[in-house]
Amino acid sequence: MNELQRQFFMEAEEMLESLLRALQQLRQRRSDGRARRDLIGQIFRLIHTLKGSAGAADMESIKRIAHEFETVLDGVRLGRIAIDDAVLDAFEDAAFAISESLAAPEGKQAPAVTAELLQRLKAFAVPGTNNDPEFDVNLRASLPTDIAAALSRYDERRLREALSEGARLFVITAEFPLAEFDQEFRDLSTRLGRGGEILATVPGPQAVASGEISFRVLYATSSNSSAISTQLGKLADVKVTELEIEPGKQAASLAASDATALEMRLAPALSADTVRVQLTELDELIALTSALFRDTANTLELTTVSADGGPLHNTEALQPARLRQQFIELENRLIQLRMVPLTAIFERASRTSRLAARATGKEVVFEVSGGDVSIDKSLAVAIAEPLMHLVRNAVDHGIEFPEERIASGKNAAGHIRLSAVSESNRVQIYVGDDGRGIDPARVARAAAEREIIADPATVTFDQCLRLIFRPGFSTAAEVSDTSGRGIGLEIVDRAMADTGGEVRVRTEQGKGTTFQLILPATLALVSTVLVQVGRNLYHIDARCVVESGAMATAAFETSFEQIDGSGGRKIQWRGKALALHNLRDLLGQSNGEPETEAMADTRSWLVVRSGTAASSERQGASGEHIALIVDRIEGEQQALVRSLGRYAARWRGVAGANELRDGSVALVLDIPQLLEAANG
């Protein structure tokens, strides 16, 4: 069994657990329209992912079961197949057959019952009298033309069901500044999702002012306009319009609504809250914990004093440094239990995309590096699908056809690079290609054609790169099997928002495009330098600190030969002129509390690398440096850095937080990002 198959088995077992839970919930909630739709969508995503993963891992028997399972689910989503006991029984039998295939010894075939099961599933999917229900003419006429045209068959079905359950239909029109629309749209979607269903998102009906972006959301809910406005709160430039739907024949053929409110939270498509641990790893942790307990007990005993206050033992035998090191080792081992290597995700993405390349007739060579970088399991689950979309997008949109590449002086085969680097508190994943690059003019024209923006000429290059992440946006002229629906990059952007990460794009026409995913570590044990600025303490990654010290202010100015100039404050360090920054200024504390007399008389300083830790290590001594003035340097210590969650990206320059020994919290600073924010 190779590494890809081993990883598949681990993830497949988790997906199977989620699948069985969802099937049980579906049996209980099939008469609750909204819950049923959510569960069917969740099960469909699980089976679709399982099928793709099984194909990539050469698990043919599981792939065949998942394929037939998915076909029946597709019919259920379209309303062709009713969810009765027979269908639910077949679904559960299929799940158990997948379980048996996973449990079968390596190299063995799937159980014989699988053949009979496949025939049962195929029988449900056979076209017959139960064809797709016709979309009601009255309902189509009641919708705005652009929204009606944008609805897929699945959207139509969801809309019909929602109306049959008594939902009211609204169009939410929103206009946001182009620079902030991604975050504003996420906030809008989150608020709307609390009380209803978003059925479709389309561009606004007319061009808007320069620097603005407009879109409309088709929304089904039992609430009225006033309640929706209250739910949306203070979101600016949002208009709520109720649609008057004429009663038609669509309601008669659908199940009645269950009045019971949705009382459960659906399980995620792939469980991120469980990890699998080798027994040997647990044995080692148990032994380490036992030794730590023994040494801690001995140390406490050595600190016991007699009734007259004298020591009972020789306190020189205490070894606090040893205890501290043991605790650090235990913390680090426990953190490693949460980690999984990126190898399996990278291999799955590249293998699936090779199939896409063959399907499109393109020649593609994949280069993978950094697969040994480990990432928190929760982050691995969150980025698996977005990474797949990015690589597939590179094949479909980025890489040219062989004849086009040869005509432009390139090799016939395109190159796609998947790589990862790990820093103290971040993991950076790169997806790059040497294809045609992103054409900003084409993006702007496509946005103007969809009336997302008013004038293509007013859109900057950076704004064009933000537009490609807009929900539903695509430059593809037609829909294909791999692209054109405008959902891939939205998934990437949403995943980064959910994890507190960030996505960046670098592109050059004719040269290629690189997407950079910056992910915060959920937990990381990092060696840091603790500094004080004002009343607060902050951590700086020790790997970035080249030199530090403290001296009298007069001596500091003399020793460093401070230079004044229009380019900003600089100092001389090892024969180089370094930019000089006060950390107070970078943190926005310039107008805060005044320095104490001691701080005014003394200058504490650090020389730090101004690039990322990973890039600085590669650059070595030749990397760029800056000088930082701080109020005081407390010293070096190990910090258990915790992520700030999904809102981490909002606080640029803050990479996480650590709880100090006294219970207070110190933020972990990202100096390169602080500098970038100050210069931006």
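I'd like to check something: does the stretch 523-542 contain any residue that is open to solvent by less than 20 Å² (accessible area, probe 1.4 Å), at positive phi, at pLDDT 80 or above and out of contact with any Phe, Trp or Tyr (no Cβ under 8 Å at 6 or more places or on another chain)? Yes; the residues of the stretch 523-542 include at least one that is open to solvent by less than 20 Å² (accessible area, probe 1.4 Å), at positive phi, at pLDDT 80 or above and out of contact with any Phe, Trp or Tyr (no Cβ under 8 Å at 6 or more places or on another chain). Filtering the stretch 21-31 down to residues that are in a helix (DSSP H, G or I) and open to solvent by 60 Å² or more (accessible area, probe 1.4 Å), which residue is farthest from R45 (Cα to Cα)? Restricting to residues being in a helix (DSSP H, G or I) and open to solvent by 60 Å² or more (accessible area, probe 1.4 Å), the top hit is Q28. Per the conditions (1) within 19 Å of E385 (Cβ to Cβ); (2) in contact with a Lys or Arg (Cβ under 9 Å, 6 or more places away or on another chain), the sole criterion not satisfied by Q42 is (2).
Rundown of residues vs (1) under 27 Å from the mean Cα position of the chain (by Cα); (2) open to solvent by less than 40 Å² (accessible area, probe 1.4 Å); (3) not acidic (D, E), yes/no style:
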residue	(1), (2), (3)
F8	yes, yes, yes
A12	yes, yes, yes
I43	yes, yes, yes
M59	no, yes, yes
R64	no, no, yes
E92	no, no, no
T114	no, yes, yes
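Only one entry of R333, R338 meets the criterion of being open to solvent by 60 Å² or more (accessible area, probe 1.4 Å) and out of contact with any Gly (no Cβ under 9 Å at 6 or more places or on another chain), and that entry is R338. Taken together, the residues in the stretch 357-401 that are assigned to a loop (DSSP other than H, G, I, E, B) and either open to solvent by 40 Å² or more (accessible area, probe 1.4 Å) or touching a residue at least 40 places away in the same chain (Cβ under 8 Å) (or both) amount to 9.
All but one of (1) open to solvent by 20 Å² or more (accessible area, probe 1.4 Å); (2) part of a strand (DSSP E or B); (3) of a type in the set (V, I, T) hold for I416; which doesn't? Failing condition for I416: (1). If the condition is being at pLDDT 80 or above, of a type in the set (G, A, S) and out of contact with any Pro (no Cβ under 9 Å at 6 or more places or on another chain), then the stretch 623-662 contributes A627, G635, A639, A657. For the stretch 470-493, the criterion of being outside any loop (DSSP other than H, G, I, E, B) and either under 30 Å from N332 (Cα atoms) or modelled with pLDDT of 80 or more (or both) is met by at least one residue.
Inspect the stretch 650-665 for any residue being surrounded by 14 or more Cβ atoms within 10 Å (Cβ to Cβ), more than 17 Å from L519 (Cα to Cα) and either in contact (Cβ under 8 Å) with a residue 24 or more places away in the chain or of a type in the set (V, I, T) (or both) and give the result as yes or no. Yes, because at least one residue in the stretch 650-665 is surrounded by 14 or more Cβ atoms within 10 Å (Cβ to Cβ), more than 17 Å from L519 (Cα to Cα) and either in contact (Cβ under 8 Å) with a residue 24 or more places away in the chain or of a type in the set (V, I, T) (or both).
Exactly one residue out of R6, R64, R80, R34 is within 21 Å of F124 (Cα to Cα) and part of a helix (DSSP H, G or I): that is R64.
Does L16 satisfy the condition of being of a type in the set (A, V, I, L, M, F, W, C) and more than 27 Å from R351 (Cβ to Cβ)? No; evaluated as a whole, the condition is false for this residue. When every residue of the stretch 47-60 is checked against the conditions, none turns out to be under 30 Å from G196 (Cβ atoms) and acidic (D, E).
The values are calculated or read from the model by the stated rules, or taken from the named source; none is laboratory data. This structure is a prediction, so every number in the text was calculated from the model and none was measured. Every residue, glycine as well, gets a Cβ built from its backbone with ideal geometry; the counts of neighbours run over all protein chains shown. What goes into the accessible areas is simple: the full protein's heavy atoms, side chains included, and nothing from ligands, DNA or RNA. Shrake-Rupley method; radii C 1.70, N 1.55, O 1.52, S 1.80 Å.
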